[in-house]
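Trainee: Quick one: structure below, then a few questions.
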Amino acid sequence: MLYTTVTPAQKRERFRELLADPQISQFPGAFTPLSTKLIQEQGFEGVYISGGVLANELGLPDIGLTTLTEVATRAGQIARSTDLPCLVDADTGFGEPMNVARTVQELEDAGLAGCHIEDQFNPKRCGHLDGKNVVDTATATQRILAAVAARRDPNFVIMARTDIRGVEGFDAAVNRAKALADAGADVIFPEAMADLSEFERMASALDVPVLANMTEFGKSELFTTQQLQDAGVSMVIYPVSLERQAMGAMERLLTTIREDGTQQAEVETMLTRKRLYELVDYTGYNQFDSGVFNFEVPGSPNA
């Protein structure tokens, strides 16, 4: 009830355990605090919070327009609604190395279990768009060094994302990933791998876990968790899947209302009132409230 009963420190410990587990972990992307209830109920290991989704929620494209305050606030709202560890997209760290350091501490304070920082220019582009630019290796590693130095909880996961595959090719991506791991990155997020063999070669070249981004309509095929695990991948995210599904359903509903003059044809596809009440735990709140107010106040006329 209210929020999670699991502390941020416990969630970070759990994230570390997941990364050490040979079984691949799945982190669906949440776009609202309420959506975490479904993710947790389905038994997923964690929650991913996409920077692109946070930008889209504000009606903005994913081109570096959001601020640290906006990301930390919304990510914190999402993280406190679930018992699961939450990984958040911190883009390029919102500035120079000192800004990256502040970003990490703000996200720690917001209750996140980890974040990833990328090697694109600031402002950045969505990872599966063409025309990206990446910084040089020295700048990329400085960001990770700053993040690691700023971390106060050693279990807070610092992940390094590299977008260099789409700019300079796969071999450059491996070299960049090694440099980022040497700088202290706990996990490597190689964006826009071309095929399964590239995930396998990347994982084989590194001594730290590798994340796979299974986003729809992107550069990579949508591989199964078993395929990714067999390739050596440790965790997989589905960053925009829930938002895309939800927005598609909203669009269909609005079309129905406009064309039919009523939503009746779509009611059977909606979440029922009963199911919504289950997700937000009306029963738990009611029991809690009854428990608080079931006593007599000393000195009152009824005492």
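Trainee: What is the sum of charges around residue 171, taking Lys and Arg as +1, Asp and Glu as -1, for the other residues whose C-beta is under 12 Å from the C-beta of residue 171?
Mentor: Working: positive: 165, 176, 178, 201; negative: 168, 198.
Residues close to residue 171 contribute a combined charge of +2.
Trainee: Taking R0 as 25 Å, what's the FRET efficiency between residue 258 and residue 281 from their Cβ-Cβ distance, rounded to 0.05?
Mentor: On the way: r = 34 Å, r/R0 = 1.38.
FRET efficiency, residue 258 to residue 281: 0.15.
Trainee: Note down the accessible area of residue 137, probe 1.4 Å, to the nearest 10 Å².
Mentor: Roughly 60 Å² of residue 137 is accessible to a 1.4 Å probe.
Trainee: State to the nearest 20 debye the size of the charge dipole of region 1-153 about its Cα centre, where the only charges are +1 on K and R beta carbons and -1 on D and E beta carbons. Mind showing how you got there, number by number?
Mentor: Values: 14 positive and 20 negative charges, 38 e Å.
With Lys and Arg at +1 and Asp and Glu at -1, about 180 debye.
Trainee: Let me ask you something else. With a point put 7 Å past each Cα toward its Cβ, work out how far residue 7 is from residue 20 in nm, to one decimal.
Mentor: 1.9
Trainee: If I model a spin label as a point 7 Å beyond the Cα along the Cα-Cβ vector, how far apart are those points for residue 272 and residue 133 in nm?
Mentor: Going by the 7 Å Cα→Cβ label model, 5.5 nm.
Trainee: Skipping prolines and chain starts, which residues have an amide H placed within reach, meaning under 5 Å, of the one on residue 66, given they are 5 or more residues away or on another chain?
Mentor: When sequence neighbours closer than 5 places are left aside, there are no close amide H contacts.
Trainee: Continuing with this model, one more query. On a C-alpha basis, how far is the centre of region 217-284 from the centre of region 161-188 in Å? Whole number, if you could?
Mentor: Going from one Cα centre to the other spans 32 Å.
Trainee: Find out how many positive minus negative residues lie around residue 251, taking Lys and Arg as positive, Asp and Glu as negative, among other residues whose Cβ is under 14 Å from that of residue 251.
Mentor: On the way: positive: 244, 252, 258; negative: 243, 259, 266.
Summing Lys and Arg as +1 and Asp and Glu as -1 gives 0.
Trainee: Under a Cβ-only charge scheme (Lys and Arg +1, Asp and Glu -1), can you give me the dipole magnitude of the chain about the Cα centre, in debye to the nearest 20? Write out the running numbers ahead of the final one.
Mentor: Numbers: 26 positive and 43 negative charges, 80 e Å.
For the chain, the charge dipole is close to 380 debye.
Trainee: Next question. Using 1/(1 + (r/R0)^6) with R0 = 25 angstrom and r between the beta carbons of residue 32 and residue 182, what's the FRET efficiency to the nearest 0.05? Before the final figure, lay out each step's value.
Mentor: Numbers: r = 38 Å, r/R0 = 1.50.
Plugging the Cβ-Cβ distance into 1/(1 + (r/R0)^6) gives 0.10.
Trainee: Using a ≥ b ≥ c from the Cα gyration tensor of region 50-125 (square roots of the eigenvalues), is it rounded, prolate or oblate, where a/c under 1.5 gives rounded and otherwise the larger of a/b and b/c decides, a/b for prolate? Display every interim value, and only then the final one.
Mentor: Values: a/c = 1.95, a/b = 1.24, b/c = 1.57.
Oblate.
Trainee: Turning to a different aspect of this structure: Specify the inter-centroid distance of region 1-62 and region 90-111, based on alpha-carbon positions, in whole Å.
Mentor: A separation of 18 Å, based on Cα centres.
Trainee: Could I ask something else about it? Net charge near residue 39, counting Lys/Arg +1 and Asp/Glu -1 over other residues with Cβ under 12 Å of its Cβ? Could the numbers behind the result be given before it?
Mentor: Numbers: positive: 37; negative: 41, 45, 83.
Overall, the nearby charge balance is -2.
Trainee: Continuing with this model, one more query. I need to check one value: relative contact order of the chain, counting alpha carbon pairs closer than 8 Å and at least 6 residues apart, in percent. Before the final figure, lay out the partial values.
Mentor: Values: 541 pairs, mean separation 52.5, N = 303.
It comes to 17 percent, rounded to a whole number.
Trainee: Another one. Check the straight Cα-Cα distances from residue 37 and name the aspartates and glutamates below 13 Å, setting aside those fewer than 8 residues away within the same chain.
Mentor: Output for residue 37: 45, 83, 278, 281.
Trainee: Could you tell me which label, among (i) 35; (ii) 30; (iii) 50, carries the value of percent of Cα pairs over 30 Å apart calculated for this structure?
Mentor: (i)
Trainee: Rounded to the nearest 10 Å², what accessible area does residue 288 have for a 1.4 Å probe in the complete protein model?
Mentor: For residue 288, the solvent-accessible surface is approximately 120 Å².
Trainee: Using +1 at the C-beta of Lys and Arg and -1 at the C-beta of Asp and Glu, which of 290, 101, 38 has the Cα lying farthest in the positive direction of the dipole of the chain?
Mentor: Farthest towards the positive end: 290.
Trainee: Any chance you could look up the accessible area of residue 144 with a 1.4 Å probe, heavy atoms only, rounded to 10 Å²?
Mentor: The accessible area comes out at roughly 0 Å².
Trainee: Using a 1.4 angstrom probe on the protein heavy atoms only, line up 62, 109 by accessible area, largest first. Intermediate values should be presented prior to the final figure.
Mentor: Details: 62 30, 109 110 Å².
From most accessible down to least: 109, 62.
The values are calculated or read from the model by the stated rules, or taken from the named source; none is laboratory data. As the structure is a computational prediction, the values presented were derived from the model and not from experiment. Neighbour counts run over all protein chains shown; Cβ positions are idealised from the backbone, glycine included. Note: areas computed on protein heavy atoms with side chains; ligands, DNA, RNA excluded. Shrake-Rupley method; radii C 1.70, N 1.55, O 1.52, S 1.80 Å.
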